[in-house]
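**Student:** My questions all concern the structure below.
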Amino acid sequence: MRSPAARPDRADGPAVGPGSHLLVTGGAGFIGSAFVRDILARRDGTRITVLDKLTYAGNRANLAPVETDPEQAARLRFVEGDIADPVIVGSLVAPVAGSAAPRAVDAVVNFAAESHVDRSILDQEAFLRTGVIGVHVLLEAVRAAGRPIRYLQVSTDEVYGSVETGRSAETDPLSPRSPYSAAKAAGELLVQSYVVTYGLDAVVTRGSNTYGPYHHPEKLIPLFVTNALDDLPLPLYGDGLQQRDWLFVSDHAGAIEHVLRNGVAGETYNIPGSAEMANRDVVAALLERLGKPWSLVRSVPDRPGHDRRYALDGAKVAALGWRNRTSFVEGLATTVDWFRANEAWWRAARSGDWDAYYERQYGSRLAHGQAVAEISAPTEA
């Protein structure tokens, strides 16, 4: 076991290079599947094992571009399972010698999470199981492997809580205000404790509000796009002036890979978006792209503890050599057009228990909803 004094410093070169073997947990989810698709599409010999429980947000169809490409599919292994299951996790991190499993992994990238604040308010326990117990199981498997394995924990800007002015830096105190963000903060703290106590080679990323293709339709942009396509009401919380810094999914996935390869062990890196905008401005922009009327928008009672603003200071990850590539105008156009062209995907995502969830979340709110004065779509500076 390595001591904290021997903690590796990866600032002087790539942590995980081409041809490595990555265990990507939550790799069938929104950001995780983008990470998998982008890396395997490079055809550099990297192999990926995806471990995903395939809950409502985990979708095997998100990996279809990989699994229908013979060369990429040969470098992908999919395992359905829970990161809180130590037997499955242990067998993937460090397979038994002579087993049929691929060789032991070089890095673990943990995307697995119950990811929607609204759902965390309705069902807190699932978030704690994945965000805390699951993280503990992964860390223990890495610690027990008996050889260096890099671990990356994907977290969120929401751990800082609402930020009225300025931008959150990695050294700012954590102040989560929902069961979702509290579980993410707890997972982060657990990771840091394993770095200090056991000398694990681990890094953490905190990403901004992410959007793009394959986004589950419970979140604001895909929910409003798919509702608008069906001419259904758009339930806008409160006055719609909550501020978010919007990050395109391929940029987010690329930043995570950059930190995986180049980040310093024990460090945390903010991943900022490319445009800070109010929710109602985002809605105006997507309606304009769809050619749908503002009259679809309804102001509904806000959710409890709704953070007013998130904003990240990205100086640290910029110093590591990473920059956003996608403007909000370009990213939103790509996203809206993707949903318009992939109706079968999002209708499947809105099947099963979707109607019951939607009624529980928005039914009474929409019953008390009110029309919202129209605004013009914003132009990006």
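The values are calculated or read from the model by the stated rules, or taken from the named source; none is laboratory data. Since we're looking at a predicted model, the values are computed, not measured. Cβ atoms come from the backbone with ideal geometry, glycine included; neighbour counts cover every protein chain shown. Just so you know, the surface numbers come from the protein's heavy atoms only, side chains and all, with ligands and any DNA or RNA stripped out. Shrake-Rupley method; radii C 1.70, N 1.55, O 1.52, S 1.80 Å.
**Student:** Looking for whichever is of a type in the set (Ser, Thr, Tyr) and closer than 30 Å to residue 343 by Cβ here; the options are 197, 156, 171. Which one fits?
**Tutor:** Just one listed residue meets the conditions, 156.
**Student:** Now, a different point. Would you mention how many residues in segment 51-79 are under 18 Å from the mean Cα position of the chain (by Cα), of a type outside the set (S, T, N, Q) and closer than 22 Å to residue 222 by Cβ?
**Tutor:** Matching residues across segment 51-79 total 9.
**Student:** Have a look at 226, 205, 197 and point out the one that is open to solvent by less than 10 Å² (accessible area, probe 1.4 Å), assigned to a helix (DSSP H, G or I) and polar (S, T, N, Q).
**Tutor:** Working: 205 fails: assigned to a helix (DSSP H, G or I); 197 fails: open to solvent by less than 10 Å² (accessible area, probe 1.4 Å).
After ruling out the rest, the residue left standing is 226.
**Student:** Given the condition open to solvent by 50 Å² or more (accessible area, probe 1.4 Å) and within 27 Å of residue 177 (Cα to Cα), answer yes or no: does some residue in segment 287-299 qualify?
**Tutor:** Within segment 287-299, one or more residues are open to solvent by 50 Å² or more (accessible area, probe 1.4 Å) and within 27 Å of residue 177 (Cα to Cα).
**Student:** What's the number of the condition residue 216 fails, among (1) more than 19 Å from the chain's Cα centre (by Cα); (2) not in a strand (DSSP E or B)?
**Tutor:** (1)
**Student:** Filtering segment 229-260 down to residues that are assigned to a helix (DSSP H, G or I) and of a type in the set (A, V, I, L, M, F, W, C), which residue is most open to solvent (accessible area, probe 1.4 Å)?
**Tutor:** So the residue we want is 229.
**Student:** To continue, here is another question. Quick test of your reading of the structure: residue 263 fulfils all but one of (1) under 20 Å from the mean Cα position of the chain (by Cα); (2) open to solvent by less than 10 Å² (accessible area, probe 1.4 Å); (3) within 24 Å of residue 306 (Cα to Cα); (4) not aliphatic (A, V, I, L, M). Name the failing condition by number.
**Tutor:** That leaves (3) as the condition not met.
**Student:** Just one of the numbered conditions (1) open to solvent by 30 Å² or more (accessible area, probe 1.4 Å); (2) more than 25 Å from residue 28 (Cα to Cα); (3) hydroxyl-bearing (Ser, Thr, Tyr); (4) part of a helix (DSSP H, G or I) is not true of residue 175; which one?
**Tutor:** Result: residue 175 fails condition (4) only.
**Student:** Then there's this: Tell me which residues, restricted to segment 209-223, are closer than 17 Å to residue 356 by Cα and open to solvent by less than 10 Å² (accessible area, probe 1.4 Å).
**Tutor:** 217, 218, 223
**Student:** For segment 270-284, how many residues are open to solvent by 10 Å² or more (accessible area, probe 1.4 Å), closer than 22 Å to residue 30 by Cβ and in contact (Cβ under 8 Å) with a residue 60 or more places away in the chain?
**Tutor:** Residues flagged as open to solvent by 10 Å² or more (accessible area, probe 1.4 Å), closer than 22 Å to residue 30 by Cβ and in contact (Cβ under 8 Å) with a residue 60 or more places away in the chain within segment 270-284 amount to 4.
Residues are listed down the side, and each one gets a yes or a no for (1) under 22 Å from residue 227 (Cα atoms); (2) of a type outside the set (Asp, Glu):
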position: 245; (1), (2): no, no
position: 252; (1), (2): no, yes
position: 260; (1), (2): no, yes
position: 267; (1), (2): no, no
position: 270; (1), (2): no, yes
position: 273; (1), (2): no, yes
position: 276; (1), (2): no, no
position: 285; (1), (2): yes, yes
position: 292; (1), (2): yes, yes
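**Student:** Okay, next question. (1) under 19 Å from residue 80 (Cα atoms); (2) surrounded by fewer than 16 Cβ atoms within 10 Å (Cβ to Cβ); (3) modelled with pLDDT of 95 or more: which one isn't true of residue 102, the others all being true?
**Tutor:** Of the numbered conditions (1) under 19 Å from residue 80 (Cα atoms); (2) surrounded by fewer than 16 Cβ atoms within 10 Å (Cβ to Cβ); (3) modelled with pLDDT of 95 or more, the odd one out for residue 102 is (3).
**Student:** The conditions are (1) surrounded by fewer than 20 Cβ atoms within 10 Å (Cβ to Cβ); (2) over 22 Å from the mean Cα position of the chain (by Cα), and residue 315 fails exactly one of them. Which is it?
**Tutor:** Result: residue 315 passes all but (2).
Conditions tested, residue by residue: (1) free of Cβ contacts under 8 Å to residues at least 24 places away in the same chain; (2) surrounded by 11 or more Cβ atoms within 10 Å (Cβ to Cβ); (3) charged (D, E, K, R); (4) over 24 Å from residue 210 (Cα atoms).
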{"position": "327", "(1), (2), (3), (4)": "no, yes, no, no"}
{"position": "342", "(1), (2), (3), (4)": "no, yes, no, no"}
{"position": "351", "(1), (2), (3), (4)": "yes, no, no, no"}
{"position": "370", "(1), (2), (3), (4)": "no, no, no, yes"}
{"position": "373", "(1), (2), (3), (4)": "yes, no, no, yes"}
